[in-house]
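K.L.:
Below is a structure I'd like to ask you about.
The values are calculated or read from the model by the stated rules, or taken from the named source; none is laboratory data. Source: prediction; values computed, not measured. We place every Cβ from the backbone using ideal geometry, glycine too, and count neighbours over all the protein chains shown.
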Amino acid sequence: MKLDIVTIFPEYFAPLDVSLLGKARRAGLLDVRVHDLRQWTHDRHRTVDDTPYGGGPGMVMKPEPWGEALDAIAPPGGPVPRLIVPTPSGRPFTQATAVELAEEDWLVFACGRYEGIDARVVDEARTRMPVDEVSLGDFVLAGGEVAVLAIVEAVGRLLPGVLGNADSVADDSFAPGAMESLLEGPVYTKPPVWRGRAVPEILLSGNHGAIARWRRDQALRRTVRNRPELAARLDPATLDAQDRRV
Ligand SMILES: OB(O)c1ccc2cc[nH]c2c1
């Protein structure tokens, strides 16, 4: 998968050189290019923002540098990427979104700053590529960079070969299939007793069927407790009276 990231803070993406994603890049599974938006400015101050039409606080990112950046990265008439634009006003980014994006060959990320990017940039981009404006949640960051890091990690870990144990993806919270709308339950490792707290006996039993049932029950309990709106989506048959009580 090819990723192009456009930002005025390229240094934000140093973390993409470490851990899983760093290994994936070195293994050739991910081809990540980070671009400084200011390379597409032409004035002495390398200006990327200006005051908002209609008044109001803050500054807005100018369309010209973005237009030139997208033209340079994905020349019109050439191969077409999927443009991802993090914004607090975007559609919710979920595990299902990550799974969908992991199927793409080429993603371009636009990191907004200030009050956002001039709306004509996305409008114009939509005439020649798919554009997803996405939000990580009902909170506001100072720009799109942290959101892009999160999205790149959520998508990158789904690519074949990136995670050492591909099975763990299937057990993710929200993973399509058995775990959809379910939170992962608690996990344990050695020692068997730590500060007087023992690992649940069932996990030491070797009874894999019983362990699977216990884990699902724990996932259901945690989902009912922490995300009742997700639990409400579950088939009632999978939630018995005891689980609903948690
Ligand atoms: O919270 B966010 O995902 C986000 C994304 C982009 C911009 C641009 C300025 N503030 C932003 C916040």
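K.L.:
Which pairs turn up if I take residues in region 76-92 that are in the same structural domain as L149 (by TED's automatic domain parsing) and look for partners that are within 8 Å of the ligand (Cβ to nearest atom) and modelled with pLDDT under 95 with beta carbon separation below 6 Å, at least 6 apart in sequence or on another chain?
P.N.:
From region 76-92, no pairs qualify.
K.L.:
With the condition being loosely packed, with under 13 Cβ neighbours inside 10 Å and near the ligand (Cβ under 10 Å from one of its atoms), I'd like the helices (runs of 4 or more DSSP H) fully within region 49-151 carrying at least 1 qualifying residues. Give the steps one after another, and end with the answer.
P.N.:
Values: elements: 63-73, 95-101, 119-125.
Hits in region 49-151: none.
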